[in-house]
Amino acid sequence: MLKIFLVEDEYVVREGIKNIDWSAHGYEFCGEASDGEIALPLIRKKLPDIVITDIKMPFMDGLELAGLIRKEFPDIEIVILSGYEEFGYAQEAISLGVSKYLTKPIGAQELLKELDEISEIVEQKKVDREISLRYQHDMEEDTIRNRKVFFNDLVAGNTSVSELLVRSDELGLDLRASMYCILLCTAYIDSHDEDEYDRSYHEMYTRLHKWAESRSGVFIMFNRDLDGQAVLFKADDAEQLQNNIEISCREFLNIVSDYEYVRYYSGIGCPVERLSELGRSFDVASTAYAHRFFDKTNRIVNGNESPVDIYDGRGTGKEDVELGAIDARKLDREGLVHFIKTGDRAECDYFVDEFIDNACGDALQSMLFRQYVTMDVYFAIVDFVTGLGYGKDSVEAPDSGMNVASGVDSVREYCKRLILSAIDLRETVSHSKYKDVTDKVIGYIEEHYADEDLSLNVLAEHVRFSPNHLSMIFSQETGETFSKYLIEYRIGKAKEALKCTSLKSSEIAMQVGYRDPHYFSYMFKKVTGMTPTQYREGKQV
């Protein structure tokens, strides 16, 4: 039932319209006011579907009120009543997007007839909004993927600022600011209890998601799949930027500290003044973030200061840590194995630089120690790849003269080659494993595509993966997101039914997983460029 609100300064006219039997005609009369100034706060509270307003009133007239309504509530339809027939009023009303311009006096039946026409528009707009919101929800996975690609381009430095701004507008991201800083982070639940993991994981990420949405004016968050999250802080000046980062870090800690098994690590980049300089902030953040392979968990590391600032997990302040004091003989194997198991190719340079420069320090000036590091890395990589099922001949062995240890740079480059080769072999094994998972997912889609409730979460539970991990795997293996694959598969089945059966469009919609025939038609046209009827009739669009 649509809600009607009346604004009219003439008491007799207001009472006449108010006393129409609105409910008998499918409407709810939700309020009245004698002028626009009184009406506006009531409209904000009642949120009517249609506002009927006189054009000439004291304090605030109908045109001024219409302008304010149109700006604040663009979906409310406005009907102007006027005893003035001058063209100027009608012209201004049209410019404000008023639905109807009616002259007084007007009878109840005539007014209801005009409102019935408007109600059809209102109802259609509601359907369109619901369809649009549902489509946005269904395509959320694609939005996350597009944001990830955008972030990579943002920090790569090979895209013009003007293009970045255009793309940010398309994604609904506001990049306008005077100062920027990037933070990289990961947070996960480390518990072998499946019930505890499921409860804590969903609860924590729901809270973090809501918190991030509430701070959208302070930072923008980008999903990096298994590499965690990237957070782009923005502010009008350096002091505000620093305050935003510190406050956000404290708020983050307040949330995650409620979970006994949470593990997190963050690296903060340097502040920059231009979008084109974000690559520098990302590099500093990545270097700090790479310390997670050496350092203990539950740290937020500021990579822009020396000694490095760390916000501790208890929220009690900062402590100074000399990362150069790390003993390589204690940490090289542990950190290295951790990286080749979980690290990404893009992080290799950051990892090796920290591994060589910070973990080993001045000891690398010794030829003997360089040889030790070289051989230790070699044997660690051999152990790893043989565990994957490969022979040790798949790893580049040091030359007999140990020339790869002749200098610090040569050790660094050798380590990078070995680590990258290990990651490549790991990815080959993972690809085979993930192909089986993807095949299982596709098989499930083919069997259950008619189920309207089929979703990424349902499939993730079916294959025992987290939704984010499954989304990444599916995209890598198929070249498109799960949501897009499911939509195209359903529409493909619908096309077959339209050409090979006499079923109604609404019946076909049910068969392919769409209970709402309007939404089915909307999705069909999105994919094919034509309506189901046009497709069935073979019309060219």
Item to check | Count of residues meeting criterion [crowded, with 17+ Cβ neighbours inside 10 Å and closer than 23 Å to residue 478 by Cβ] in the range 510-527 | outcome: 5
Next on the checklist: Checking the condition of a type in the set (A, V, I, L, M) and under 25 Å from residue 163 (Cβ atoms), which residue from 184, 208 passes?
Outcome noted: 184
Item to check | Enumeration of residues in the range 118-142 that are closer than 13 Å to residue 27 by Cα and open to solvent by 50 Å² or more (accessible area, probe 1.4 Å) | outcome: 120, 123
Next on the checklist: Can you find a residue that is over 24 Å from residue 164 (Cβ atoms) and crowded, with 18+ Cβ neighbours inside 10 Å anywhere in the range 226-233?
Outcome noted: no
Checklist entry - Got at least one residue in the range 459-471 being open to solvent by 60 Å² or more (accessible area, probe 1.4 Å), part of a helix (DSSP H, G or I), more than 20 Å from residue 139 (Cβ to Cβ) and not hydrophobic (A, V, I, L, M, F, W, C)? => result yes
Checklist outcome for this item: Scanning the range 279-300 for residues that are over 25 Å from the mean Cα position of the chain (by Cα) and either over 24 Å from residue 341 (Cβ atoms) or assigned to a helix (DSSP H, G or I) (or both) gives 291, 293
Checklist entry - Quick check: is even one residue across the range 109-118 touching a helix residue (DSSP H, G or I) at 6+ places or on another chain (Cβ under 8 Å), at pLDDT below 90, β-branched (Val, Ile, Thr) and over 14 Å from residue 13 (Cβ atoms)? => result no
Checklist outcome for this item: Of the residues in the range 69-91, those that are part of a loop (DSSP other than H, G, I, E, B) and either under 45 Å from the mean Cα position of the chain (by Cα) or at pLDDT 65 or above (or both) number 5
Next on the checklist: Against the condition closer than 28 Å to residue 143 by Cβ and crowded, with 21+ Cβ neighbours inside 10 Å, how does residue 279 come out, does it pass?
Outcome noted: no
Checklist outcome for this item: Out of (1) modelled with pLDDT under 90; (2) crowded, with 16+ Cβ neighbours inside 10 Å; (3) not hydroxyl-bearing (Ser, Thr, Tyr), the one residue 51 does not meet is (1)
Next on the checklist: Among the residues of the range 1-43, what is the count of those that are of a type in the set (Ser, Thr, Tyr), in contact (Cβ under 8 Å) with a residue 24 or more places away in the chain and either touching a Leu at 6+ places or on another chain (Cβ under 7 Å) or outside any loop (DSSP other than H, G, I, E, B) (or both)?
Outcome noted: 1
Item to check | Candidate set: the range 431-458, residues that are small (Gly, Ala, Ser) and either open to solvent by 50 Å² or more (accessible area, probe 1.4 Å) or in contact with a Gly (Cβ under 6 Å, 6 or more places away or on another chain) (or both); chosen: the one farthest from residue 509 (Cα to Cα) | outcome: 432
Item to check | Sole residue being of a type in the set (Ser, Thr, Tyr), part of a helix (DSSP H, G or I), farther than 30 Å from residue 199 by Cβ and in contact (Cβ under 8 Å) with a residue 24 or more places away in the chain, chosen from 514, 489 | outcome: 489
Checklist entry - From the residues in the range 247-270 that are touching a strand residue (DSSP E or B) at 6+ places or on another chain (Cβ under 8 Å) and of a type in the set (D, E, K, R), which one is nearest to residue 181 (Cα to Cα)? => result 250
Item to check | Single unsatisfied condition, residue 28 versus (1) open to solvent by 50 Å² or more (accessible area, probe 1.4 Å); (2) within 16 Å of residue 104 (Cα to Cα) | outcome: (2)
Checklist entry - For the range 187-198, does any single residue satisfy the condition of being in a strand (DSSP E or B) and buried (at least 19 other Cβ atoms within 10 Å of the Cβ)? => result yes
Checklist entry - Hey, any hits in the range 372-379 for a residue that's modelled with pLDDT under 80 and open to solvent by 30 Å² or more (accessible area, probe 1.4 Å)? => result yes
Checklist entry - Within the range 34-41, is even one residue of a type outside the set (D, E, K, R) and in contact with a Phe, Trp or Tyr (Cβ under 6 Å, 6 or more places away or on another chain)? => result no
Next on the checklist: residue 507 - would you say it is open to solvent by 20 Å² or more (accessible area, probe 1.4 Å), part of a loop (DSSP other than H, G, I, E, B), of a type outside the set (A, V, I, L, M) and free of Cβ contacts under 8 Å to residues at least 24 places away in the same chain?
Outcome noted: no
Next on the checklist: So residue 481 passes all but one of these: (1) among the β-branched types (Val, Ile, Thr); (2) open to solvent by 30 Å² or more (accessible area, probe 1.4 Å); (3) modelled with pLDDT under 90. Which condition number does it fail?
Outcome noted: (2)
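The values are calculated or read from the model by the stated rules, or taken from the named source; none is laboratory data. None of the values given here were measured: they were computed from a predicted structure. A quick note on method: Cβ atoms are made from the backbone with ideal geometry, for glycine too, and the neighbour counts reach across all protein chains shown. To get the accessible areas, we keep the full protein, side chains included, count just its heavy atoms, and leave off ligands, DNA and RNA. Shrake-Rupley method; radii C 1.70, N 1.55, O 1.52, S 1.80 Å.
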